[in-house]
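The values are calculated or read from the model by the stated rules, or taken from the named source; none is laboratory data. Treat the numbers as computed from the prediction; the structure is a model and nothing was measured. Using ideal geometry, Cβ is built from the backbone for each residue, glycine included, and neighbour counts are taken over all protein chains shown. What goes into the accessible areas is simple: the full protein's heavy atoms, side chains included, and nothing from ligands, DNA or RNA. Shrake-Rupley method; radii C 1.70, N 1.55, O 1.52, S 1.80 Å.
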Amino acid sequence: GASGPLTPVMRYSVSQGATETWGLDLEVARRLNLGDMGRLTTKFDWSYALSFKRAERPGDKEANLVGTAGGYSDWATTVGDIPRHRAHLSTNWTRGVHSLTGSVDFVSPVSLLRGTDNWETYPTPYCHYGKGAPGGLEKFSNWVTDCSVPEWTTFNVAYSYTGFKNWTLSGNIKNLFDTAAPYDPRYPTEGFNTQLHNAMGRYFRLSASYKF
């Protein structure tokens, strides 16, 4: 209290390691005129992760975490799940006042195996979930047979009609086949991976809009 008001504050930047990542993003679109049958437009988006390396602190070893649950693969990191593939394919058919779209979404699996802890590399990667390896929890063995969160593929369909003046009537169905999100033992409350998946199940939506 006797020193008076604080005037300067000296702060220094400290390096906290590094993140190195690279991959491929591909987008392909194809438009096809079907004459009297309308027009077909197909689009494909694909992300392919080739490498994701993280050093939390200077001097830490950088392990490639693609295709893994990140910090589960390398215990020295705080990286989240990194699936190798994410893809979206959609096809839209339009003819006059009709528009119909079908689409597919895909997320590849992620491994829950532990392989490294900074500079320590385990001779045999092991799993927290499922028996048969050091550290395995037997209560999960019926659900996590290969120590991974499986891939997830969902299908969607949408339709819109503009045959009434100024009106657009639409309907869509998400997750057409009601495909459940794959089980993930790390989320005991939800039961699924909240980073990659959702619990919506089959979802219907109808809408009408009017422009004036």
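Determine the sum of side-chain charges near Asn193: Lys and Arg each +1, Asp and Glu each -1, restricted to other residues whose C-beta is under 11 angstrom from that of Asn193.
That works out to -2.
Whole-Hz Karplus values for the range 82-90 come out as 10, x, 6, 10, 9, 9, 9, 10, 9 Hz, taken residue by residue from phi with 6.51 cos²θ - 1.76 cosθ + 1.60 and θ = phi - 60°; glycine and proline positions read x. I'm spelling it out carefully: the read-out is percent of Cα pairs over 31 Å apart, the candidates are (i) 48; (ii) 44; (iii) 14, and one was derived from this structure. Which label? Computing percent of Cα pairs over 31 Å apart and matching it to (i) 48; (ii) 44; (iii) 14 gives (ii). A 1.4 Å probe run over the chain, with the rest of the protein chains in place, finds 65 Å² accessible per residue. Report the FRET efficiency, 1/(1 + (r/R0)^6), for Thr121 and Asp25, where r is their Cβ-Cβ distance and R0 is 25 Å, rounded to 0.05. E(calc), rounded to 0.05, equals 0.20.
Label-to-label distance for Arg205 and Asn33 is 3.3 nm, based on points extended 7 Å past Cα in the beta-carbon direction. Between Thr194 and Phe44, the modelled label-to-label distance comes to 3.5 nm, taking each label 7 Å out from Cα in the direction of the beta carbon. In this simple spin-label model, placing a label point 7 Å from the Cα along the Cα-to-Cβ direction at both Tyr183 and Leu100 gives a separation of 3.8 nm.
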